[in-house]
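Enquirer: First the structure, then my questions, so here it is.
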Amino acid sequence: MPDELTHFNAQGQAHMVDVGDKASTKRVAIACGSIRMQATTLEKILQGNHKKGDVLGIARIAGIMASKRTADLIPLCHPLALTHVDVALTPQTDPPSIDCTVTAETQGQTGVEMEALTAVQITLLTIYDMCKAVDKGMIMENIHLLHKSGGKSGNWSSIK
């Protein structure tokens, strides 16, 4: 694990990390988070009778689209050719919430952690946007990296 922040040069200025000499390897990242809501909001989502349509389907597409635009949103991220993105949404009744898990993959010279985390955030924000008319108190929480593999630093996991 590096002892220093990699996005600063010797003069302390922000820069994009040079990955040109790194080996191209399969990179995988899994991130997760959830959005808590009122039970009636979850019920509307699951019944599919929400005024704005299929909340989970639209949120899933938004997450996939966001993963592909990460470099446009985060200034020092490299644009990546993603080979796979999966957005899994799991409703929970106690407390009423929807869990989001994103798996992002690429074959390249830098990792996909930011793409997976961005996809989780935008998926949850889309659920919020679609449901805010009936539940402004929704809470997005516990957004974090679960696992990453590939590259020089190898595997890292918070999954026990």
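The values are calculated or read from the model by the stated rules, or taken from the named source; none is laboratory data. The structure presented is a predicted model; accordingly, all values stated were derived computationally and were not measured. Cβ atoms come from the backbone with ideal geometry, glycine included; neighbour counts cover every protein chain shown. Accessible surface is based on the protein model in full, side chains and every heavy atom, while ligands, DNA and RNA are left aside. Shrake-Rupley method; radii C 1.70, N 1.55, O 1.52, S 1.80 Å.
Enquirer: Just grab the label-to-label distance for S157 and D99, each label 7 Å out from Cα along the Cβ direction, in nm (one decimal).
Expert: 1.6 nm
Enquirer: Over region 24-160, with the other protein chains present, what is the accessible area per residue in square angstrom, probe 1.4 angstrom?
Expert: Accessible area per residue: 52 Å².
Enquirer: Could you look at region 66-160 and say what percent of its accessible area is carbon and sulfur, using a 1.4 Å probe and all protein chains?
Expert: Looking at region 66-160 in its full context, I get 54 percent from C and S.
Enquirer: Can you tell me the FRET efficiency between N142 and H78 if r is taken as the Cβ-Cβ distance and R0 is 22 Å, rounded to the nearest 0.05? Show your work: numbers first, answer last.
Expert: On the way: r = 27 Å, r/R0 = 1.22.
The pair N142/H78 has a calculated efficiency of 0.25.
Enquirer: Past 19 Å, Cα to Cα: identify those pairs from K68/K136; K44/K136; K68/K152, in the order given.
Expert: K68/K136; K68/K152
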